[in-house]
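Worksheet: the structure to be examined is printed underneath.
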Amino acid sequence: MTALAHERPETMSEASADTVNEPDLDEVLWQAWKAMELPEGYRAEIIEGAIEVSPTGRLTHAQIANRLRRALDKFLDGGEYACHQDTNVIYERKGWIPDAFVAPEDLELHADEEGLGVEASAVNLVVEVVSPGRRSLDRDRIRKRREYARAGIPVYVIIDDYDGQGAVTLFTGPRPDKADWEDIHRVPYGTEVTVPEGPAKGFVIGEAITGPKRG
């Protein structure tokens, strides 16, 4: 009995040590994400505890994203902010690649500690142009909606060809504790919506960017 009583604490101690030394899941995903080498035309993001790999968008997707970027750059011209693409937005061992985002023109001052992208705290607005397919729809409408709210990014815009005949949804007032937003404003294609705050305040998203109603 004495020997058994002596062995049990050692076993529990070893188990505790193993638990303590076990790497955090976020850290495992972070290291795996950094090591990934993808073929051209694909990108990887860490979204809600998983690495998601997706192809670049179709022609329509690219056209909308490019029209938006050019319009935002023109709107922001002469100031300290710019519209960026193809750049990682980093938040607590997570990495996202929005279709477009507004942040200071000089991103070097706001790079994450490893220089992999820009800290989410420097991002004022993110835009996602929705691609077809259930997983793609859920990624932008649900999972990224929650992630951007958790990061406290002030404005999130979804341009969605697959919402009815097309719709633009504007999310403002992030609630990091709830992973949700205070205000959600949706308008169909053909109706203009205006960014209400931040460096892009007053920027209008309408048919010139989205194109006409779908269907």
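Observations on the structure shown:
- Mean residue ellipticity (222 nm) of the chain, computed from DSSP H runs ≥ 4 via -39,500 (n - 2.57), nearest 500: -9000 deg cm²/dmol
- With every protein chain in place, the range 94-215: carbon and sulfur % of accessible area (1.4 Å): 46 percent
- Nearest-ten-degree value, helix 2-21 long axis tilted from longest Cα axis of the chain: 20 degrees
- Using a probe of 1.4 angstrom and keeping all protein chains present, the accessible surface of the chain works out to 54 square angstrom per residue.
- The mean sequence distance of close C-alpha pairs (under 8 Å, at least 6 residues apart), as a share of the length of the range 108-164, puts its relative contact order at 41 percent.
- Proximity of backbone amide H atoms, modeled 1.01 Å from N, is registered between Asp180 and Arg175 at under 5 Å, excluding neighbours fewer than 5 places apart on the same chain.
- The phi torsions of the range 121-133, fed into the Karplus equation with coefficients 6.51, -1.76 and 1.60 and a -60° offset, translate into couplings of 5, 8, 8, 9, 7, 10, 10, 10, 9, 6, 9, x, x Hz, rounded to whole numbers, with Gly and Pro shown as x.
- Extreme residue, positive dipole direction of the chain, given options Tyr189, Gly133, Val102 (C-beta unit charges): Tyr189
- The string of couplings for the range 134-149 from the Karplus curve (6.51, -1.76, 1.60, θ = phi - 60°) is 4, 5, 5, 4, 5, 4, 7, 7, 10, 5, 6, 4, 5, 5, 5, 5 Hz, one whole number per residue in order, with x for Gly and Pro.
- Relative contact order for the chain: 13 percent, from Cα pairs under 8 Å spaced at least 6 residues apart, divided by residue count.
The values are calculated or read from the model by the stated rules, or taken from the named source; none is laboratory data. This is a predicted model, so every value here is computed, not measured. Neighbour counts are summed over all protein chains in view; Cβ atoms, including those assigned to glycine, are modelled from backbone coordinates with ideal geometry. Heavy atoms of the whole protein, side chains included, go into the accessibility calculation; ligands, DNA and RNA do not. Shrake-Rupley method; radii C 1.70, N 1.55, O 1.52, S 1.80 Å.
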